[in-house]
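Here is the structure we will look at, set down as structure tokens.
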Amino acid sequence: MNSFFKILKTSKVLIPVFITSIFLGIFLYFYTPYTMEDGMIKNMVKHSTNDVKRLQLLREYYVSSVVKDIQKFAPNITFDYDHEGINGKLPFPTTVVHDLTTLYSNKTNVKFDLYSEYPFLNRKDRVLTPFQKKAIKMVEKSPDGIYYQKDFIDGKEVLRVAIADYMTQQACVDCHNHSSLKDWSEDKWKLGDKRGVLEIITPIDSELKDMNISRNKVVIAAITMMILLITYYSVILLRREKELTDKNEKLIDDFKDLFDDFDKYVIASRTDLKGNITYVSRRFCDISGYKKEELLGKNHKILRHKDMPKDIFKDMWQTISSHKTWIGDIKNRKKDGSFYWVKANISPLYHNDKHIGYVAIRYDISDKKKLNELNLSLQQKIDHEIDKSRKKDQQMLEQSRLAQMGEMISMIAHQWRQPLTAISSASAAISLKAKRNKLSPDLAVELSSKISQYSQHLSATIDDFREFFKSNKIKKETNFNNILNSVINIVNESIINKDIELIKEINCQRTFISYENELKQVILNLVKNAEDILLENDIKNPYIKIKAYNQDDKFILEISDNAGGVPEDIIDKIFDPYFSTKTKKDGTGLGLYMSKMIVEDHCEGELSVCNDANGAVFKIVIKSI
């Protein structure tokens, strides 16, 4: 015991450990219950939130499935808060929540409560408790709509968790704004409003008791560990002095070994202030080809290679002469005339604060230099191939645009046929009537008006196609609705004449930034492909479906058909260049490849394909910037 106190008194390690152990024990005694209680409360709040979500989901199901079905198929059944035992009446959704929370409260030790600052008239007499008033205000301020605190009810400690109840369905808003039991204006509520508070009251007295017991166990275990540690360190210190002596001797031997390794593997040298060599390592001699005796006393210029610029050595001497370290790559000449590259680190050398020379540490980078030369040559080849690839892609893009322009010209001819026929008929009628002196002013005005309308239609068609192929490489704000209207104006006549139904589900009005005309070309290509495959497969009741919608921060467009889909053995190849699925062999095999390149490389989006039960589904995803 006396030796222990002697060690404790003189030790620089045990005293801090002993004092730290005392403070750690005190800290654990008070901090452990705090952290355990905080974790327990957060866990209970999480469970309470999940319970409220389950109630809200049940209410949403009741509104969307039960209430709507009753209103549709059994309109004689009404909804009322007073419904028990009454034929033809069912509970309001809010009444269902009230009834369920009452049932849960009666069956478990967890209590539920539902209240609001705006009760219906049947609950008008209810008086809110101070906590309930505070909870309503706090959930209004809370960003997540949650407020909780510990409280005492009937002499027992409980956790009260108040969670905001939001208006999540339009049916609930309509019911609250038009109910005969309301005490507010008809436009009081809207979607997203905080309607009231769902409160869950959970007893925590037994949990706190268990927590204190756990705290005591942890503190006892910690104190036991500290006693063991102090004992352990005491034994260690008794042996330490002998171990230090032994290690000191070993360190001397290790230093000798280290110096031998340094001499063997490190390219090192030392010079005087004039650059004359005073020391070289064995590795220095090996790489340079000189013997140590041939280098000592010689100037470092003996190793200088003729390819090294003089400016580098001038900069080196200016740097190290100003008591700074110089780092750089040096090409040295070997004794046999060949060369090697080193990364050199040259620093001033001092002795008793007096500048006596320089010391240099180097490592061989000859292989790295050779690799850099190879990489440079390889990079030039890669750049050349990339340039060739870009030119090839541009050429394929032009081929695709020319093919698409051919289809567009065909559609222009098709769209112009009917207006031109009508213009010709009106012109012939004017001529015939005029020859027979039967051309009345009213008839002339009517036929001229028709000719003018058809001419304006032809002009508008030209404008649509000119805008479609305008080379605009500037991103602009647009949306799928505008893009699709432009494309549909072009292809609608062709699709209708081929008895193909065009189904539009446009649920995406939000705007995004992208290349509008390039997206139009992609969508036109996908629609024309769908039209071609429907005609090629002779599908009965053919349709093309265009669906646009938002998903999080993404804008999604789907183009699908009922042509049977893409065969599974080629679906992974259809975006490859020069791969065509058209049996008439009139496809270039560039349309889908260029569409994917436009969407993914230019518009920074995604273009993919899959099959559903009826046919192929092409999906374009544009991310919000």
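The values are calculated or read from the model by the stated rules, or taken from the named source; none is laboratory data. What you see is a predicted model; the values in this text were computed from it and never measured. So basically every Cβ, Gly included, is an ideal-geometry build from the backbone, and we count neighbours across all protein chains shown. Just so you know, the surface numbers come from the protein's heavy atoms only, side chains and all, with ligands and any DNA or RNA stripped out. Shrake-Rupley method; radii C 1.70, N 1.55, O 1.52, S 1.80 Å.
Here Ala530 meets each of (1) among the aliphatic types (A, V, I, L, M); (2) modelled with pLDDT under 90; (3) within 29 Å of Ile496 (Cβ to Cβ) with one exception, condition (2). The number of residues in region 175-200 that are without any contact (Cβ under 8 Å) to a residue 60 or more places away in the chain and open to solvent by 70 Å² or more (accessible area, probe 1.4 Å) comes to 6. Annotation note: Cβ proximity below 7 Å between a residue of region 335-355 that is under 22 Å from Lys274 (Cα atoms) and a residue that is acidic (Asp, Glu) (sequence gap 6+ or interchain) occurs for Val342/Asp364; Lys343/Asp329.
Taking the listed residues Ile312, Ile277, the one that is assigned to a helix (DSSP H, G or I) and either β-branched (Val, Ile, Thr) or farther than 25 Å from Lys370 by Cβ (or both) is Ile312, with no other qualifying. Of the residues making up region 178-213, those that are farther than 25 Å from Phe131 by Cα, in a helix (DSSP H, G or I) and either within 42 Å of the chain's Cα centre (by Cα) or of a type in the set (Asp, Glu) (or both) are Asp210, Met211. With respect to (1) open to solvent by 70 Å² or more (accessible area, probe 1.4 Å); (2) in a helix (DSSP H, G or I), the lone exception for Lys306 is condition (2).
If the condition is being of a type outside the set (Ser, Thr, Tyr), more than 13 Å from Asn479 (Cβ to Cβ) and part of a loop (DSSP other than H, G, I, E, B), then region 496-541 contributes Lys498, Asp499, Ile500, Asn537, Asp538, Ile539, Lys540, Asn541.
Check whether at least one residue in region 521-534 is loosely packed, with under 14 Cβ neighbours inside 10 Å, in contact with a Ser or Thr (Cβ under 9 Å, 6 or more places away or on another chain) and touching a residue at least 12 places away in the same chain (Cβ under 8 Å), and report yes or no. No, there is no match, as no residue in region 521-534 is loosely packed, with under 14 Cβ neighbours inside 10 Å, in contact with a Ser or Thr (Cβ under 9 Å, 6 or more places away or on another chain) and touching a residue at least 12 places away in the same chain (Cβ under 8 Å). In region 14-123, counting only helices (runs of 4 or more DSSP H) that sit wholly within it, the ones holding 3 or more residues that are touching a residue at least 24 places away in the same chain (Cβ under 8 Å) and of a type in the set (A, V, I, L, M) span 14-61, 93-107. Of all residues in region 124-136, those satisfying the criterion of being surrounded by 14 or more Cβ atoms within 10 Å (Cβ to Cβ) and not in a loop (DSSP other than H, G, I, E, B) are Phe131, Gln132, Lys134, Ala135, Ile136.
Tallying residues that are surrounded by 15 or more Cβ atoms within 10 Å (Cβ to Cβ), out of contact with any helix residue (DSSP H, G or I) (no Cβ under 9 Å at 6 or more places or on another chain) and assigned to a strand (DSSP E or B) within region 608-625 yields 3. Total residues in region 95-118 satisfying the condition of being within 23 Å of Gln149 (Cβ to Cβ) and out of contact with any helix residue (DSSP H, G or I) (no Cβ under 9 Å at 6 or more places or on another chain): the figure is 3. Restricting the first member to region 224-235 and to residues that are under 17 Å from Ile26 (Cα atoms), and the second to residues that are part of a helix (DSSP H, G or I) and open to solvent by less than 80 Å² (accessible area, probe 1.4 Å), the beta-carbon pairs closer than 6 Å and six or more apart or on different chains are Met226/Ser21. Among the residues of region 313-358, those that are in contact with a Gly (Cβ under 7 Å, 6 or more places away or on another chain) and either within 15 Å of Ile267 (Cα to Cα) or loosely packed, with under 14 Cβ neighbours inside 10 Å (or both) comprise Lys334, Asp336, Ala344.
Screening Gln395 with (1) modelled with pLDDT under 80; (2) surrounded by 15 or more Cβ atoms within 10 Å (Cβ to Cβ) gives one miss only, at (2).
Being out of contact with any strand residue (DSSP E or B) (no Cβ under 8 Å at 6 or more places or on another chain) and open to solvent by less than 50 Å² (accessible area, probe 1.4 Å) is the filter here; which residues of region 201-220 pass it? Steps first, answer last, please.
Filtering region 201-220 down to residues out of contact with any strand residue (DSSP E or B) (no Cβ under 8 Å at 6 or more places or on another chain) leaves 206-207, 209-220.
Answer for region 201-220, where residues must be out of contact with any strand residue (DSSP E or B) (no Cβ under 8 Å at 6 or more places or on another chain) and open to solvent by less than 50 Å² (accessible area, probe 1.4 Å): Met211, Ser214, Arg215, Val219.
Results for (1) loosely packed, with under 13 Cβ neighbours inside 10 Å; (2) aliphatic (A, V, I, L, M); (3) free of Cβ contacts under 8 Å to residues at least 60 places away in the same chain; (4) under 21 Å from His602 (Cβ atoms), shown as yes or no for each residue.
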residue	(1), (2), (3), (4)
Lys475	no, no, yes, yes
Cys508	no, no, yes, yes
Ile539	no, yes, yes, no
Ile546	no, yes, no, no
Val566	no, yes, yes, no
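Check region 159-174 and report whether any residue there is surrounded by 12 or more Cβ atoms within 10 Å (Cβ to Cβ), part of a loop (DSSP other than H, G, I, E, B), on the phi > 0 side of the Ramachandran plot and not charged (D, E, K, R). The answer is no; no qualifying residue exists. Of the residues making up region 98-115, those that are open to solvent by less than 70 Å² (accessible area, probe 1.4 Å) and under 20 Å from Leu159 (Cα atoms) are Thr101, Ser105, Thr108, Val110, Phe112, Asp113, Leu114, Tyr115.
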